[in-house]
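Okay, so here's the structure we're looking at.
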Amino acid sequence: MLKKAVGQVSIAFVLFLLGLMISLQYKTIQYGGSNVNVQRIEELTSQIKKLESDKKGLANQVNALQNKLADYENAASKVNAVANALKEDNEKYKLMAGLEAVHGPGVIVTLNDSTKQIQPGDNANNYIIHDTDLLQVLNELRAAGAEALSINEERIIATTEVRCVGPTVDVNNSRFAAPFVIKAIGNPQTLQAALELKGGIVEALRYWGIQVNIKTSNDITIPAYNGVIQFKYSKPLQAQDKGGGQ
C-alpha cells in the first residue's frame with residue numbers, strides 16, 4: 001500500500017515537472033516569437049518610411065521636370081512668336097521690294113506710237129513713245145497710290161531703269177518696243193482719274209496722237225522681280241555712325 005502511494009506521488013511529481021517544462025517551453029517560444037514579430041514590424045516600418053521618402057523625392061523631381069517643361073514650352077512659344085513676326089516682316093518687305101508676285105484691283109494702261117500723220121515742221125519724236133513718257137505715267141500712278149507696277153511684265157522696283165536705247169526702251173535690262181503695257185495695282189477709280197487729269201500726261205500724249213488705253217480691272221496680276229539685286233557701295237548705317245555723315 002505504501003509502495004503504491006509512493007508510486008503515485010512519483011508519477012504526480014513527474015507529471016508536475018513535465019507540465020512545468022512544457023509551460024516554460026511555451027513561454028520561451030511565445031517570447032521569442034514576439035521578438036521576431038517586433039523586429040519584422042520595425043523593418044517594415046523602416047522600409048515604409050524609406051519608400052515614403054523616395055516617393056517624396058520623386059514627386060519633387062517630377063515637379064522640377066514639369067517646371068522645366070513649362071519653361072521650355074514658354075521659350076518655344078516666344079521663339080515661335082518671334083519667328084512668326086519675322087516671317088510676317090519678311091513677307092511685307094518682300095512685297096515692298098517687289099520680290100513677290102501680287103494681284104489685286106487696278107488699271108492696265110496700254111500705250112502705242114501715234115498713227116497720226118506727221119505735220120510739216122513737227123518733231124517726229126513727239127509721235128513715238130519715249131522713256132520719259134513711261135516715267136511720267138509711272139510717277140502719276142505712284143502719286144495716286146499704286147502699290148505695285150510693271151511694264152511689259154517687268155516688275156518696277158527701286159533700282160529699275162527705264163531709258164531709251166535707240167528705238168527701244170530698256171526696262172530691267174530687257175529691251176522693248178511699242179506697244180507698252182503698264183499694270184498698276186491700287187484703287188482703280190483713283191488711278192484712272194489721276195491719269196486722265198486735265199492737262200496731265202495722258203492728255204499731252206493724246207495730243208500727238210499717242211494711243212493710250214486705260215482699262216480698270218478687279219484682279220490684276222503683277223509678277224515678282226526676277227533679277228539680281230546687288231549693293232556694291234551702299235551699306236547699313238550703324239547707330240554709332242548716325243549723325244556723322246555728310
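Quick check on my filter: what residues within region 165-177 are in contact with a Leu (Cβ under 9 Å, 6 or more places away or on another chain) and either surrounded by fewer than 17 Cβ atoms within 10 Å (Cβ to Cβ) or more than 21 Å from residue 206 (Cα to Cα) (or both)? Listed by number, the list holds a single entry, 171. Hey, among 116, 94, which residue is touching an Asp or Glu at 6+ places or on another chain (Cβ under 8 Å) and at pLDDT below 95? Exactly one residue qualifies, and that residue is 94.
For region 123-138, the count of residues that are among the hydrophobic types (A, V, I, L, M, F, W, C), in a loop (DSSP other than H, G, I, E, B) and either surrounded by 12 or more Cβ atoms within 10 Å (Cβ to Cβ) or at pLDDT below 95 (or both) is nonzero.
Counting only residues that are in contact (Cβ under 8 Å) with a residue 40 or more places away in the chain, closer than 26 Å to residue 234 by Cβ and of a type outside the set (Asp, Glu), region 144-159 holds 9 of them.
Candidates are the residues of region 141-164 that are among the β-branched types (Val, Ile, Thr) and crowded, with 23+ Cβ neighbours inside 10 Å; the one that is farthest from the chain's Cα centre (by Cα) is 151.
Okay, residues lined up against (1) charged (D, E, K, R); (2) modelled with pLDDT of 85 or more; (3) surrounded by 10 or more Cβ atoms within 10 Å (Cβ to Cβ):
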site: 27; (1), (2), (3): yes, no, yes
site: 33; (1), (2), (3): no, no, yes
site: 40; (1), (2), (3): yes, no, yes
site: 98; (1), (2), (3): no, yes, yes
site: 108; (1), (2), (3): no, yes, yes
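The values are calculated or read from the model by the stated rules, or taken from the named source; none is laboratory data. A quick note: this is a predicted structure, and the numbers were derived from the prediction, not measured. Reconstructed Cβ throughout: ideal geometry from the backbone, glycine too, with neighbour counts over all protein chains shown.
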